[in-house]
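Participant: The structure that follows is given in the form of structure tokens.
The values are calculated or read from the model by the stated rules, or taken from the named source; none is laboratory data. This structure is a prediction, so every number in the text was calculated from the model and none was measured. Quick note on the areas: whole protein, heavy atoms, side chains included, nothing else; ligands and nucleic acids left out. Shrake-Rupley method; radii C 1.70, N 1.55, O 1.52, S 1.80 Å.
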Amino acid sequence: MASRSVTLDDVARAAGVSYQTVSRVLNRSQQVAPDTRQRVEAAMRQLNYVPNRVAQQLAGKTRRTIGLATSDLVLQAPAQIASAIQHEASAQGYQLVIAMADAPGVDAARAAVNELLAQRVDGLLLNLPLHTADACELSELLATLPALFMDVAADAPVAQCVCSAEWGARLGAEHLLALGHRRIALLNGPASSVAAKQRFDIWQQVLAEHQLQPHSVLEGDWSARAGYQAMLTLLPDNLPDALLTANDQMALGALRALHQHGVRVPADVSVVGYDDTAESAWYQPPLTTVRQDLRQLGQQSVLQLVANIEQRSWQAPPLTTELVIRETTARAGIADEEKEIADELARLAQRLRARKPRHE
């Protein structure tokens, strides 16, 4: 015989309150005293009560909902942003529903947005790469619904919550230049991505400021596989001294290709990533990268959107980037220095062997 589901009446009896009081606690009413709320919540935990959201929706008591239109969550950065959005939405008393765009471009973005609009969301977050004209088109589609764009140009005339690419991309490029590297390859994201274009433009600008051109320009779809395949096009005879990658996941693929061909990182090639996703510190070697605080971005987007939904002011703190130096970058010429040291050690060993007395 199947066990009976725990009901609101069960919770009310366990907490010693009325059915209506339990309902008010579930709907976050301010009319419940703090000690009563704590008693009801303790009873819910004790009974393992699970709210029936379908019944609540039919009764018109649904919680407010945020919709997230996002690129594929198989990619590390969008997945970590979505996780942070989920946690913050829950903390703010909102449900989160997600629609993934199945392809780049405005048509797939519009389909994802329409899927969320059909679920009667109270506000929208769009973590999709959108050119300014496309973002404006979608903004008009949303009419008065509160929405924030998370992957658009900083000068796009839409409500947005973004990390500036200019400072971060400059940090990575100038780090390699300060180490003495001059033959620097660029591994960028897809041409359809606004973030990729911004990073690429800054890389080129920084190199031009030092009278340099890229050693080579490669493109990938943000995946580790794309980084691996792109690096293979330079192996074994056209290696740069250093590589700037537009995200950590492609850097992972590039590191694997280099390792398979016996190229030492950083002695032979220095590599810089972008994002500082959670796994980057565990790459082998640990990845030098430009940190975007993905958790802060997700949290701040929710707080800003909720303030818009609830029609109250909220002052957003600046979203910053920083360089995290680990073990995939080193001074230019370190391989030559290592060879000189190895040769000198070999010569010393040879002299020691020559001086070793012979036993009769």
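Participant: With every protein chain left in place, what is the accessible area per residue of segment 48-177 in square angstrom, probe 1.4 Å? Don't skip to the answer; put the middle values down first.
Facilitator: Working: 5910 Å² over 130 residues.
I get 45 Å² per residue for segment 48-177.
Participant: Also, quick follow-up: Cα centroid distance between segment 256-275 and segment 120-140, in Å?
Facilitator: First find each Cα centre; the distance between them is then 37 Å.
Participant: Additional query: So what J values fall out for segment 5-18 if you push phi through Karplus, 6.51 cos²θ - 1.76 cosθ + 1.60 with θ = phi - 60°, rounded to Hz, Gly and Pro as x?
Facilitator: Per residue, the Karplus-derived 3J(HN,Hα) values read 5, 6, 10, 4, 4, 4, 5, 4, 5, 5, 8, x, 10, 7 Hz.
Participant: In whole Å, what three semi-axes, largest first, describe the equivalent ellipsoid of segment 176-252 built from its Cα gyration tensor (square root of 5 times each eigenvalue)? Let's see the in-between values first.
Facilitator: On the way: eigenvalues 73, 52, 18 Å².
So the equivalent ellipsoid measures 19, 16, 9 Å along its semi-axes.
Participant: Looking at the chain as a GNM with Cα springs under 10 Å, which of P317, P266, P157 has the largest mean-square fluctuation?
Facilitator: Greatest mean-square fluctuation among the candidates belongs to P317.
Participant: Would you mind telling me which residue in D151, D102, D293 has the biggest mean-square fluctuation in a Gaussian network model of the chain, where springs connect alpha carbons within a distance under 10 angstrom?
Facilitator: D102
Participant: Connecting C-alpha atoms closer than 10 Å in a GNM of the chain, tell me which of V32, V263, V121 has the biggest fluctuation.
Facilitator: So, out of V32, V263, V121, the one fluctuating most is V32.
Participant: Per residue of segment 172-187, what does 6.51 cos²θ - 1.76 cosθ + 1.60 with θ = phi - 60° give for ³J(HN,Hα)? Whole Hz please, x for Gly and Pro, Karplus curve as stated.
Facilitator: Values per residue, Gly and Pro as x: x, 5, 5, 4, 5, 5, 5, 7, x, 6, 10, 9, 10, 8, 10, 10 Hz.
Participant: Taking H as built 1.01 Å from N, whose amide H comes closer than 5 Å to the amide H of T288, not counting residues under 5 places away?
Facilitator: Correct list: G273, R326, E327, T328, T329.
Participant: Using all C-alpha to C-alpha distances in the chain, build P(r) with 20 Å bins and read off the rounded percent in each one.
Facilitator: Pair shares across the bins are 25, 42, 23, 8, 2, 0.
Participant: Please label the shape of segment 123-239 as rounded, prolate or oblate, based on the square roots a ≥ b ≥ c of the eigenvalues of the alpha-carbon gyration tensor (a/c under 1.5 means rounded; beyond that, a/b larger than b/c means prolate, else oblate).
Facilitator: Judged from the Cα gyration tensor, segment 123-239 comes out prolate (a/c at least 1.5, a/b above b/c).
Participant: Taking θ as phi - 60°, what are the ³J(HN,Hα) couplings along segment 232-237 by the Karplus curve (6.51, -1.76, 1.60), each to the nearest whole Hz, with x for Gly and Pro?
Facilitator: For segment 232-237, the Karplus curve yields 4, 5, 9, 9, x, 10 Hz.
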